[in-house]
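The values are calculated or read from the model by the stated rules, or taken from the named source; none is laboratory data. Keep in mind that what you see is a predicted model, and the values were worked out from it rather than measured. No Cβ is skipped: glycine too gets one built from the backbone with ideal geometry, and neighbour counts run over all protein chains shown.
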Ligand SMILES: Cc1ncc(COP(=O)(O)O)c(C=O)c1O
């Protein structure tokens, strides 16, 4: 398989100007090297579907064909199949959010939800507010519509709502089209928005009349601490994105978007233009999986597995990483965010890491325009604990050389020491 780089393109000049702003991630550029079987992947946020028993999936597929017959193979409604929407209502209820089947649409993953929301809300030059760093797939979905992206810094308790307030005040009422947030075990930072900040964020959203998009793929993957109510449970005006990717499998491409009815009507129009309706077949399979199998046991096993892997990563970081490097402590999800002293750019370090047989994602991928260059994201979801420890050790080797050089420069007065404010830790 080749890399995503295009050497010559005879259609250059014909594409929509908006496509010029859509970027490939640094990992995509190294895709061929990074997918070698001997390379330890600490880059991709891939759920470990190897632990989802095929026998259960086979049963769900058989049941779907046997009981749902032709309807599973036919076009369906744009909203999605009602039995699946009813299952989603149950899942949302378990997390504390009350809604009905008519308050949501089934999407092709949460990613399609992001794309549809961008299509529905954004004109070129509009302002959107998100966390800094934020999910690269959201930046990509938004960037097609050429918005101005305001990144609000995070700390160990999630988005800094004091800075959000400053930004909203500067922009004025309705000054942004929406606030996009990943409150639980954020991708990429691994941090969780505290209950107090959740309440404050919602107050600000009402005060400045800016809707909130809550993206919550990891909410059920908690390894420590108590459940925190989603924003949607506190305010029915919140637009909520959910997914089956982390509780079942991303290969089904199934997620959902819950929103106030007027917004949902626009989203449905946008969805019809995109794909008429989602896959009836995978929806029927998910219905059978979620009602006719021991899926909760599988998820509990997955959660235990991710928990062990998170611990392995945190232990390895404490053992191998140099003293002036900091990292976050995720209570769930897939990711740890690592901050190096300023002036160190992690992008060129990635190629060196790949040479040593390990991948990570450079921090600048998670910002719209180059910030975060002294940070990186590590994913602990896919590799076994021993591999995680070895991968962290190899990255530490790469870092040590650079840090030694950095300290020499600081001591010689060639370079100032890193400002403390650029660090995100828990
Ligand atoms: C924050 C966030 N949102 C959305 C997605 C996309 O998920 P899906 O597989 O449901 O499209 C991901 C996937 O990693 C994610 O981390």
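Tabulated results
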{"quantity": "Residue under evaluation residue 226, criteria (1) surrounded by 17 or more Cβ atoms within 10 Å (Cβ to Cβ); (2) more than 17 Å from the chain's Cα centre (by Cα); (3) under 28 Å from residue 303 (Cβ atoms), criterion not met", "calculated": "(1)"}
{"quantity": "Total residues in the range 220-266, condition in a loop (DSSP other than H, G, I, E, B) and either more than 19 Å from residue 77 (Cβ to Cβ) or away from the ligand (no atom under 14 Å from the Cβ) (or both)", "calculated": "21"}
{"quantity": "Counted residues, the range 239-260 - those being within 18 Å of the chain's Cα centre (by Cα) and closer than 15 Å to residue 103 by Cα", "calculated": "8"}
{"quantity": "Test: residue 128 is at pLDDT below 95 and either more than 23 Å from residue 17 (Cβ to Cβ) or not assigned by TED's automatic domain parsing to the domain that holds residue 339 (or both)", "calculated": "no"}
{"quantity": "Check on residue 214, within 15 Å of the ligand (Cβ to nearest atom), buried (at least 16 other Cβ atoms within 10 Å of the Cβ) and outside any helix (DSSP H, G or I)", "calculated": "yes"}
{"quantity": "Options 207, 287, 203: the member that is over 22 Å from the mean Cα position of the chain (by Cα), under 30 Å from residue 336 (Cα atoms), assigned by TED's automatic domain parsing to the domain that holds residue 159 and away from the ligand (no atom under 16 Å from the Cβ)", "calculated": "203"}
{"quantity": "Helices (runs of 4 or more DSSP H) fully within the range 98-193 counting 3 or more residues that are under 22 Å from residue 218 (Cα atoms) and within 16 Å of the ligand (Cβ to nearest atom)", "calculated": "109-121, 136-143"}
{"quantity": "Options 300, 270; residue that is touching a helix residue (DSSP H, G or I) at 6+ places or on another chain (Cβ under 7 Å), modelled with pLDDT of 95 or more and assigned to a helix (DSSP H, G or I)", "calculated": "270"}
{"quantity": "Enumeration of residues in the range 152-176 that are under 24 Å from residue 124 (Cβ atoms), buried (at least 22 other Cβ atoms within 10 Å of the Cβ) and touching a strand residue (DSSP E or B) at 6+ places or on another chain (Cβ under 7 Å)", "calculated": "152, 164, 176"}
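For (1) assigned to a helix (DSSP H, G or I); (2) surrounded by fewer than 21 Cβ atoms within 10 Å (Cβ to Cβ), each residue gets a yes or a no:
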residue: 329; (1), (2): no, yes
residue: 336; (1), (2): no, no
residue: 343; (1), (2): no, yes
residue: 353; (1), (2): yes, no
residue: 373; (1), (2): no, yes
residue: 381; (1), (2): no, no
residue: 386; (1), (2): yes, yes
residue: 392; (1), (2): yes, no
